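Each remark here refers to the structure printed beneath this line.
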Amino acid sequence: MWAVIAEQSRTTDPDYAALEPYATGQALDFASESLKARAQDGVVARGAPVHSPEADNVDAEAAAVVIRDCVDTTDWLQEDAESGELVEESPREPIRRQAEATVSRDGQTWKVSELLLGQAGSC
């Protein structure tokens with residue numbers, strides 16, 4: 001899912017349907033709305049986030065897994081889509097955000113159903 005979000009963040013015309021094989025419910029809405037807001041502001045991204053996920057809670061009966069991550073967005077920079085200029089300065093220190101995703105079984109596939117992303121510096 002994150003790879004698709006990073007790829008779609010590089011354009012002002014994101015393909016929200018590209019997220020559907022990987023996300024559903026709140027997570028799909030959250031990712032789509034974030035991409036939409038960025039595109040409407042004329043902002044695209046360069047680079048990609050770096051992840052260090054760990055399964056935290058496995059619920060076999062509910063077919064769900066909670067994954068905790070400390071997402072490093074230091075090199076996932078925002079730039080003006082027309083000029084290519086950075087919207088904000090390159091960070092001097094790492095930018096890490098706590099993330100928590102619930103991944104649920106959806107038939108024969110697993111999809112992120114809930115995604116919570118903390119503020120910069122939350123991990």
Ser83 fails exactly one of (1) surrounded by 13 or more Cβ atoms within 10 Å (Cβ to Cβ); (2) polar (S, T, N, Q); (3) assigned to a loop (DSSP other than H, G, I, E, B), namely (1)
Being among the hydrophobic types (A, V, I, L, M, F, W, C) and surrounded by fewer than 17 Cβ atoms within 10 Å (Cβ to Cβ) narrows it down to one of Ala27, Ala37, so name that one.
Ala37
Considering only region 69-101, state which residues are closer than 28 Å to Asn57 by Cβ and acidic (Asp, Glu).
Asp69, Asp72, Glu100
Out of the residues in region 94-122 meeting the condition of being in contact (Cβ under 8 Å) with a residue 12 or more places away in the chain and part of a loop (DSSP other than H, G, I, E, B), tell me which one is surrounded by the fewest Cβ atoms within 10 Å (Cβ to Cβ).
Gln119
Quickly run through region 49-67 and pick out the residues that are surrounded by 16 or more Cβ atoms within 10 Å (Cβ to Cβ) and not β-branched (Val, Ile, Thr).
Pro49, Ala64
Filtered residue count, region 1-34, keeping only those that are in contact (Cβ under 8 Å) with a residue 12 or more places away in the chain and among the charged types (D, E, K, R)
2
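FYI, it's all coordinate maths here, none of it is from the lab. Everything numeric in this text was worked out from a predicted model, so none of it was measured. Neighbour counts run over all protein chains shown; Cβ positions are idealised from the backbone, glycine included.
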